[in-house]
Amino acid sequence: MSYTSKDIMITFDDEVGVIYHTETGSFFTLTVENAKLLQEAQMKYENDTLVEEDRVDYIALFDDMLSGKPRRQRQDYSRIDEATSLEGLKLMVSTDCNLRCKYCYADGGSYGHARETITPEKAIAYIDAIILGKYTHLSTFGFFGGEPTLSPETIEAVCTHFRQLVLDNHLDGMPHFSMITNGTLIDQKLAGIIDEYDISLIISVDGPKEVNDAQRIRVDGSGSYDGICSSLQVLHESGVYPTLAEATYTQNHLAAGLTVDDVSAYVAEHLGIPRTIVVPCIDYGNSSGAAELAVELSEIEEVSIEDLMESFDALENIESSVFDDLFKIARMISGTYSNAVCAVGVASMTVFPNGEIYPCHLFGDNEEFIMGRIAQGVLTYNDAVLDRMYGYQKSEREYCRDCWQRTFCKGCVALDWIPHRCAELSERNKKVILALAKLRLNESRWDGFMEVVKRMDLSRFE
């Protein structure tokens, strides 16, 4: 096997040393002392100061260690207009919202666009303009906003239309439907639509009523908690249960003495949603409310990685900031890896009510990223933006190309993940690998851990 030094990461703590090879997803344990010696040799190797005899031994060591280890398969992407399948298509059902959450980064759901809700007819026309004669497979279709439940008629019409596209052999199967909603407007009719088309629901709720209603407020300033409870009752009576809850953790939670785990536990016990992704409120500079409510990552009491490994039987219920580590673990040990930091713009796209297409909703207030426009039923792409999104693949970026994290890292293109967070993430990822290596020393616990990770359907939320 040809050896590249930057494919290797060597780290250690007070207990154990670990070698991780990113191209095969292999990791090996060794003594702390040996890890220190190898790390020093690696630095000399990279600086071309390792004497020839040691250099030969150094290369032979890794060649022997990695002998027979199959390289992982890299998933590359073409330009999105050259592909025949899409991983995701998202419809902004509305650029309006019945809430005015204090930390909203999207200008009350509008993303700087005119406040409008798409009609069923226009939604179908947009889907046909994107799909027909171009894509034969679509993995996921998301209803988004704003607030998508402002138009249940559009949701039903779109689902019905996809069924017809499959019957007419335009698509090889139905996409998986999902919807992120504030959960305040769901009635029996919409619950029936959600049930019929197996739409995965993510409900936005920030935990206990007193905290939720201090920040997730309606246009008139009243709270949204009671409306969420009413919608959940309707859903449960229809045999529908949300897939996830999403909570935004703010200064209000800290003031109330609530940890991330407290929020997740509350939502599970009182609202019947067993899994909650808790994300920190971040100030992106476009919301005075977010500036007041934002929290630093260090202020959030996280479950330690070691505790995560010790309690792997409960992994499916741990959905805090450690949830991202679960994604990493799955990617670290998988047989394939993505060349994209995020697949938006190369394998997925978002269409707004006015017919503008963006890589994802987070680009919606930036005209520089309009990928295309649909007018009179015809989609016209912007070549410059398509080339720009293609260029975000790791193999196209100098600082990603040789990084040891490239086979499992993910990030948000819209929020400019590169390269300023790489060093920070590297330290976190080394801790994840150290914890994995320690767990692997116990064969029975490792086997059980792997079974739990394999059972988790992480792909829908990545």
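Cβ-Cβ contacts under 9 Å between residues 6 or more apart (or on different chains), taken from a first residue in region 150-171 that is charged (D, E, K, R) to a second residue that is in a loop (DSSP other than H, G, I, E, B), are listed as 153/119; 156/197; 163/174; 163/197. Selection of strands (runs of 3 or more DSSP E) fully inside region 144-251 by the criterion of at least 2 residues being open to solvent by less than 20 Å² (accessible area, probe 1.4 Å), modelled with pLDDT of 95 or more and among the polar types (S, T, N, Q) returns 200-204. Close contacts from region 5-20, counting a first residue that is over 15 Å from residue 58 (Cβ atoms) and a second that is of a type in the set (Gly, Ala, Ser), with Cβ to Cβ under 6 Å and a gap of 6+ residues or different chains, come to 12/35; 17/35; 18/437.
Would region 29-41 turn up any residue that is open to solvent by less than 50 Å² (accessible area, probe 1.4 Å) and in a strand (DSSP E or B)? Yes, region 29-41 contains at least one residue that is open to solvent by less than 50 Å² (accessible area, probe 1.4 Å) and in a strand (DSSP E or B). As for region 109-117, it holds no residue that is of a type in the set (Lys, Arg) and more than 29 Å from residue 378 (Cβ to Cβ). Of all residues in region 274-285, those that are more than 24 Å from residue 200 (Cα to Cα) have Cβ atoms under 7 Å from Cβ atoms of residues that are surrounded by fewer than 16 Cβ atoms within 10 Å (Cβ to Cβ) and hydrophobic (A, V, I, L, M, F, W, C), 6 or more apart or on another chain, in 283/291. For residue 128, the conditions (1) assigned to a helix (DSSP H, G or I); (2) surrounded by 21 or more Cβ atoms within 10 Å (Cβ to Cβ); (3) of a type outside the set (S, T, N, Q) are fulfilled apart from (2). Residues that are open to solvent by less than 20 Å² (accessible area, probe 1.4 Å), touching a His at 6+ places or on another chain (Cβ under 8 Å) and either modelled with pLDDT under 95 or assigned to a loop (DSSP other than H, G, I, E, B) (or both) within region 78-105 comprise just one, 95.
Conditions (1) buried (at least 18 other Cβ atoms within 10 Å of the Cβ); (2) modelled with pLDDT under 95; (3) among the acidic types (Asp, Glu), marked per residue:
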position: 337; (1), (2), (3): yes, yes, no
position: 341; (1), (2), (3): yes, yes, no
position: 350; (1), (2), (3): yes, no, no
position: 371; (1), (2), (3): yes, no, no
position: 382; (1), (2), (3): no, no, no
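With respect to the conditions (1) surrounded by 14 or more Cβ atoms within 10 Å (Cβ to Cβ); (2) in contact (Cβ under 8 Å) with a residue 24 or more places away in the chain; (3) among the basic types (Lys, Arg), residue 69 falls short on a single one, namely (1). Going through (1) surrounded by fewer than 11 Cβ atoms within 10 Å (Cβ to Cβ); (2) part of a strand (DSSP E or B) one by one, residue 53 falls short only on (2). Only a single item in (1) of a type outside the set (A, V, I, L, M, F, W, C); (2) over 24 Å from residue 387 (Cβ atoms); (3) in contact (Cβ under 8 Å) with a residue 60 or more places away in the chain; (4) open to solvent by 80 Å² or more (accessible area, probe 1.4 Å) is not met by residue 74, and it is number (2). Per the conditions (1) touching a residue at least 40 places away in the same chain (Cβ under 8 Å); (2) touching a helix residue (DSSP H, G or I) at 6+ places or on another chain (Cβ under 6 Å), the sole criterion not satisfied by residue 181 is (1).
Restricting attention to region 252-291 and to residues that are assigned to a helix (DSSP H, G or I) and touching a helix residue (DSSP H, G or I) at 6+ places or on another chain (Cβ under 7 Å), the residue that is surrounded by the fewest Cβ atoms within 10 Å (Cβ to Cβ) turns out to be 254. Among the residues of region 131-143, those that are touching a residue at least 24 places away in the same chain (Cβ under 8 Å), part of a loop (DSSP other than H, G, I, E, B) and not hydrophobic (A, V, I, L, M, F, W, C) comprise 134, 135, 136.
For residues in region 281-308 being hydroxyl-bearing (Ser, Thr, Tyr) and at pLDDT below 65, which is nearest to residue 247 (Cα to Cα)? Only one residue tops the list, namely 298. So is residue 316 surrounded by fewer than 17 Cβ atoms within 10 Å (Cβ to Cβ), modelled with pLDDT under 95 and assigned to a helix (DSSP H, G or I) or not? The answer is yes for residue 316. Checked against (1) modelled with pLDDT under 95; (2) more than 30 Å from the chain's Cα centre (by Cα); (3) surrounded by 12 or more Cβ atoms within 10 Å (Cβ to Cβ), residue 48 passes all but condition (3).
The values are calculated or read from the model by the stated rules, or taken from the named source; none is laboratory data. Because the structure is a prediction, the values reported are computed rather than measured. Backbone-built Cβ (ideal geometry, glycine too); neighbour counts: all protein chains shown. What goes into the accessible areas is simple: the full protein's heavy atoms, side chains included, and nothing from ligands, DNA or RNA. Shrake-Rupley method; radii C 1.70, N 1.55, O 1.52, S 1.80 Å.
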